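Some notes on the structure that comes next.
The values are calculated or read from the model by the stated rules, or taken from the named source; none is laboratory data. Since the structure is predicted, the reported quantities are computational estimates derived from the model, not experimental observations. Cβ atoms come from the backbone with ideal geometry, glycine included; neighbour counts cover every protein chain shown. Areas reflect the complete protein model, heavy atoms only, side chains present, ligands, DNA and RNA absent. Shrake-Rupley method; radii C 1.70, N 1.55, O 1.52, S 1.80 Å.
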Amino acid sequence: KTKYSKLVFRKSDTVPEELHQMVQKGFLTLRERDCFFQDLVRIKGKDFLTPVSRILIGNPGCTYKYLNTRLFTVPWPTEGYDIKYCSPEIHDACKALIRLNDYLHIEAVKALQGQNLLETKEIKDTAVTDREQSSATSLMEQGPVPKDQSGVCVPEDDSTSLKNRTSYNVTLLNYMDPLQMLYLKQEPYFGMGNMAVSWHHDENLVDSSVVAVYNYSCEDSAVEESTDQNLKGRDPAVWHVGLKVAWDIETPGLAMPLHQGDFYLMLDDLNMTHQHCVLAGLSPRFSSTHRVADCSRGTLEYIFGQCELALQNLQTGSDSMAWSVKSLEAAVVKQAEEIHNEVEFEWLRQFWFQGKRYLKCTDWWLKPMAKLEEFWRKMEIMTSLIFSEIQKQEVEEQRNETINCFLLVLKERQKLRKEWTVR
């Protein structure tokens, strides 16, 4: 109640049965169509395949980055967007997940409002107790005093803040069959058993936003919960979410069992003050992890805006032979070339690095990526033009400043191209 008070757990019977059926059918459809993929992530300069297979579904044009790998959403049905799916079944699966998203958004708002009321009550109770003690002391020392009419005023989150922290723009779907894994790490601190996902914080989220996780472990007669009353610790047949206070192994860890259709919410700053892991059971398991991803630098709208900003320095003519750069000012050159790097390494290479896997669901990303490639080609021309024009600068001090900024970004580009070639 004290160390894990911001974890909210809900049993499957609190969720409408129709929603369960839609979502669970959607999971199975995506697995049948081979739409779950292991990600190649980069940790401390080395690449690792994730034991869990994933797919990102969410708002059109959104991305989510973790462990140096950018995932691109398979867009869920959204008004105003022309999204063509590879099959009606995949459309239905994505529709089911946006329905789940809407449901979990409402539940997250309720949970935060409940938490606010509880905290307000605790503050008022504490204030009343303090005031009573203070009044008693004053009466003893000074005699009668005027009645305190100040009251207690506690600010509560307004509706905008609640919405910002619960309006999920993506869900990262996970799938794993532990019996297909040759080796799973053991949980190192509390003896919790096999881990499907090691201790971590979720990355790239809006501060204090709520994370919601829906669980679908495919329990059947072949894998049953143990009835052994002498069993110590968690039942190894059942999936659990593990939580612990970050960088603290003295405080006992928590392992919460997850059954088919259960969901949980991590409120406020729980994702940052605590770490969580996923403890493997014996049956295959899906989860849908709904997040308010920090998309300040992760949407198509953002990167297109960056491209237009960079290309303001390119004077275009009737053909590319007549193009020229408008300014050789160091700050302008540096900004344009850094955006050039961002387009290439944060978007184009990240997208094509993962192959054509998104095409199993939709071809929605092909047009915007073609547009980004066209922007990139213009930036390549602009780099060549800058290289030629720098030599013509007459003021040596200005020329040296521009060259230093320019070379710094080019060296970074060369280094990253070598790294991506190796990958």
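Within the range 13-38, the set of residues being open to solvent by less than 30 Å² (accessible area, probe 1.4 Å) and of a type in the set (Val, Ile, Thr) comprises Val15, Val23, Thr29. Of the residues contained in the range 39-56, none is found to be open to solvent by 50 Å² or more (accessible area, probe 1.4 Å), modelled with pLDDT of 95 or more and farther than 15 Å from Leu359 by Cα.
Out of everything in the range 30-75 that is under 18 Å from the mean Cα position of the chain (by Cα) and not in a strand (DSSP E or B), what residue ends up being nearest to Arg285 (Cα to Cα)? Across the range 30-75, the extreme among qualifying residues is Phe36. Restricting the first member to the range 66-95 and to residues that are in contact (Cβ under 8 Å) with a residue 60 or more places away in the chain and open to solvent by 80 Å² or more (accessible area, probe 1.4 Å), and the second to residues that are in a loop (DSSP other than H, G, I, E, B) and acidic (Asp, Glu), the beta-carbon pairs closer than 7 Å and six or more apart or on different chains are Lys84/Asp363.
Counted as qualifying within the range 338-423 are the helices (runs of 4 or more DSSP H) with 3 or more residues that are open to solvent by 90 Å² or more (accessible area, probe 1.4 Å), namely 366-390, 396-422.
For the range 181-219, a tally of residues being surrounded by fewer than 17 Cβ atoms within 10 Å (Cβ to Cβ) and of a type in the set (Asp, Glu) returns 2. For Lys367, the test of being assigned by the TED database to the domain that holds Thr402, touching an Asp or Glu at 6+ places or on another chain (Cβ under 9 Å) and not acidic (Asp, Glu) is failed. Looking across the range 367-381, the residues that are out of contact with any Phe, Trp or Tyr (no Cβ under 9 Å at 6 or more places or on another chain) and over 14 Å from Glu346 (Cα atoms) come down to Lys367, Ala370, Glu374, Arg377, Met379, Glu380.
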